[in-house]
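Shown next, in structure tokens, is the structure this report addresses.
The values are calculated or read from the model by the stated rules, or taken from the named source; none is laboratory data. Bear in mind the structure is a predicted one, so any value in this text is a computation, not a measurement. Positions of Cβ are generated from backbone atoms using ideal geometry, with glycine treated the same way; all protein chains shown enter the neighbour counts. The area values use the complete protein model at the heavy-atom level, side chains included, leaving out ligands, DNA and RNA. Shrake-Rupley method; radii C 1.70, N 1.55, O 1.52, S 1.80 Å.
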Amino acid sequence: MESKTLDPKIQLAVERYKALEEKIAHFVMIGGLLEWDQKVTAPKKGRGIFAKAIGTFRTEEFKLSISQEMGELLHTLSADNVYEQLDEITQAQIRERSEEYNRSRKIPEEMYRDYVVLTAKANDAWEEARETNNFSVFQPFLEKIVDYNRKVAEIYGYEQHPYDALLHQYEPGLSVAVLDPLFAKLRETSVALLERIKKSGSKPSNEIFEQDYDVEQQKKFNTYFLPIIGFDMQAGRLDETVHPFAQTMNTGDVRITTRYLKDNVRSAVFGTIHEAGHGIYEQNIDPRLEGTALSTGASFGIHESQSRFLENMVGRSEQFWTFFYPKIQEHFPQQLGHVSQQDFYRAVNTVEPTMIRVEADELTYNLHIMLRYEIEKAVIGGEIEVKDLPMIWNQKMQEYLGITPATDTEGVLQDVHWSFGGFGYFPSYSLGNLYAAQLLNTIVRELPGFYSDIEAGNFASIQAWLKENVHRYGKLYTPEQLIRKVTGEDLKADYLVNYLEEKYSRIYNL
Ligand code: ZN
């Protein structure tokens, strides 16, 4: 791109703006490090006090982003005749920042402060409700959280459905009108496929996983494959936590975690691959975006597409285990020495309806999301009431998965998201699957050696493709622009629907 000569006054504003953005990026980086430390290494007893300090730190960061200086700079730089002279990266920065700035300024300070207090209390109530299997403990808090989110939707504004305003926070540009037909198709075909699987009578055995897998050996296996699949250990690390996550300090320092369960070797393996997908994305972002708010994923959904692409499309493929199965057998000769690769492959792809979303397989997972999406949309739209959620939850579980939770703890109370007010978040998970399948369709066309590379344990060309087409752009493009740029079309449900159909027809001989 040509660098244009700007008017000295505008040039000065750009420099001041970029310096301010870099300062915010530094706050974000240090804040992230503090949060990582809280989750990974900090001793339990000090965490409460530490959390307060992090709150103070985050407030300073927030103040910079809504400061008068920021307002003035954004005002100057987003004027039409100025904006059009700026380079692509600066334009995207201003697009992102202006949106956040405008959103933050719209919520009255007192309303927001009350909400922070409310969600803190709601989290405690949610935990208590779960422990005592008593939804009514959580209900009044959830009602207030829903009220707040409805108000926020009105304040932010939307074209058709109030839920659009909430979706937009996680998936910019997405709306109910776009999502409804995508999800409806995915839901209907998934329910039908699940029926056929159930009727097939074929049931891959899970027994091989019901044995003890030494945790030290698990660690060895995970640290062995992690760099092979493309995670740069010179630009990241792997630690252990109860809830696996990925956290980026900068493109040269991306930290992921996994969890080792003695009686479940799959949990760590697929957890590590999943988080590696998030991590590799961030390691591969163009260094020119460093120090800006663009040095992250395009959206929650696109981020999730990268973790699920690696975990499911790559990590649960037959070819992946052609390469890695002998290696995992070497680590666990007693447990797996006598098990064929085919049996292992089928076992990591078992489909079985379960109550708990996070334990669900590739097919039924999306049905858990459909249920949550429909409930969120209806409760924000005022069509259903919070008090009826346990009943509606159970009805939908029965309708989509054919099982009914025995308790609310394993039903409507299972996820933390509503306690922090994360309405609009859940769809990202299934969007990730949809994006991943559409990307798979493109990558196998452009890299005919896709599966033979996986089979040979060669992930370089695949990662190079992802870097070139997705990763390096960070948040430069909106998810809509990005997916169109890479795949040549808008998001469609067909790719995931076909992928699931083909995969499970083979595994279950349908
Ligand atoms: Zn994820």
Rounded to the nearest 10 degrees, what's the angle between the helix 47-65 long axis and the longest principal axis of the chain, both from Cα atoms, 0 to 90?
-> 50
Solution diffusion estimate, µm²/s, Stokes-Einstein, segment 173-316, Kirkwood Rh from C-alpha pairs, 20 °C, viscosity 1.002 mPa s | 123
Taking only protein heavy atoms and a 1.4 Å probe, what accessible area per residue, in Å², does the chain have with all protein chains in place?
-> 45
Computed over segment 170-314, the relative contact order (Cα-Cα under 8 Å, seq sep at least six) in percent reads 22
Surrounding net charge for Q38, when Lys and Arg each add one and Asp and Glu each subtract one, Cβ distance under 14 Å = +4
Report the GluC sites (Glu not before Pro) located in segment 451-501 that are in a DSSP loop and have at most 16 other Cβ atoms inside 10 Å of their Cβ, or state none.
-> E489
Would you mind working out the magnitude of the charge dipole of the chain relative to its Cα centre, with +1 at each Lys and Arg C-beta and -1 at each Asp and Glu C-beta, to the nearest 20 Debye?
-> 440
For segment 223-285, what size does the Cα cloud have along each of its three principal axes, sorted from largest down, in whole Å?
-> 36, 22, 15
Angle, helix 215-228 long axis vs. longest principal axis of the chain, Cα atoms, 0 to 90°, nearest 10?
-> 60
Just how far, in whole angstrom, is segment 107-184 from segment 463-482 if you go by their alpha carbon centroids?
-> 29
Would you please state the base-10 log of I(q)/I(0) at q = 0.10 1/Å for segment 134-250, with intensities from the Debye formula using one equal scatterer on every alpha carbon?
-> -0.76
Helical mean residue ellipticity (222 nm; -39500 (n - 2.57) per DSSP H run of 4+; nearest 500) of the chain | -20500 deg cm²/dmol
Semi-axes in Å, largest first, for segment 385-506 (Cα gyration tensor, √(5λ)) are 35, 19, 14
Roll a 1.4 angstrom probe over the protein heavy atoms and tell me the percent of accessible area of segment 287-393 that is carbon or sulfur.
-> 51
Using the eigenvalues of the Cα gyration tensor, what equivalent ellipsoid semi-axes result for the chain when each is taken as the square root of five times the eigenvalue, whole Å, largest first?
-> 37, 29, 24
In Å, the C-alpha Rg and Dmax of segment 470-510 are 14.6, 44
Tell me, what % of the accessible area of segment 457-510 is carbon and sulfur with a 1.4 angstrom probe?
-> 44
Could you work out the mean projected area of the convex hull around the alpha carbons of segment 40-157, in square nanometres to one decimal?
-> 10.7
Just how far, in whole angstrom, is segment 375-447 from segment 310-326 if you go by their alpha carbon centroids?
-> 27
Neighbourhood charge, 12 Å Cβ-Cβ cut-off, centred on T350 and excluding it, Lys, Arg +1 and Asp, Glu -1 | -2
